[in-house]
Amino acid sequence: MRFRHLTIDCADPYLLATFWSRMTGWPVSDIDAPGDPEVLVEAPHPLPGLLFIRVQEGKTVKNRVHIDWQPTERYRDAEVERAIQLGATIYADHRSSDGRGWVTLRDPEGNEFCIERSEAELPQS
């Protein structure tokens, strides 16, 4: 089997897909438009895409599954600040004074995700 999409329930698929497109740098599918009931953010091969599906019910509890992101072009703290500028909010800050840790954020619809340290910030072995 192939891991094709990570599907995320939401109220406004296009709005949330646009946020995640800006976060990842991956494009929103050319066939999707505002108001569509499902919208795909296309990941580079072989990664799974992010598929946003409109549902009636709102988010009420903490996600049981979330994505941990590792920055490739910025350091963790710069990526956290960029996420906030794009509309995310900090949910839990697990950074420590020695530079370790991660930050758990929420996207504009409240879905949790984490930003870890970049590879450049990890101890070299």
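The values are calculated or read from the model by the stated rules, or taken from the named source; none is laboratory data. Computed from a predicted structure; not experimentally measured. Note that we place each Cβ from the backbone using ideal geometry, even for glycine, and neighbour counts take in every protein chain shown.
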What's the number of the condition R64 fails, among (1) among the charged types (D, E, K, R); (2) out of contact with any helix residue (DSSP H, G or I) (no Cβ under 9 Å at 6 or more places or on another chain); (3) assigned to a loop (DSSP other than H, G, I, E, B); (4) under 24 Å from V28 (Cα atoms)? (4)
Sole residue being surrounded by 15 or more Cβ atoms within 10 Å (Cβ to Cβ), over 14 Å from the mean Cα position of the chain (by Cα) and among the polar types (S, T, N, Q), chosen from S29, S21: S29
Hits in the range 85-125 - residues which are surrounded by 12 or more Cβ atoms within 10 Å (Cβ to Cβ), out of contact with any Cys (no Cβ under 8 Å at 6 or more places or on another chain) and assigned to a strand (DSSP E or B): I90, Y91, D93, R106, E112, F113, C114, I115
Restricting to the range 68-83, give me the number of residues that are touching a strand residue (DSSP E or B) at 6+ places or on another chain (Cβ under 7 Å) and surrounded by fewer than 16 Cβ atoms within 10 Å (Cβ to Cβ). 1
If we scan the range 39-58, do we find a residue that is assigned by TED's automatic domain parsing to the domain that holds L122, over 21 Å from E121 (Cα atoms), part of a loop (DSSP other than H, G, I, E, B) and under 15 Å from the mean Cα position of the chain (by Cα)? no
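Each row is one residue, and each column tells you yes or no for (1) more than 16 Å from E112 (Cβ to Cβ); (2) at pLDDT 95 or above.
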| site | (1), (2) |
| --- | --- |
| F3 | yes, no |
| L6 | no, yes |
| A17 | yes, yes |
| W20 | no, yes |
| S29 | yes, yes |
| V80 | no, yes |
| G87 | no, yes |
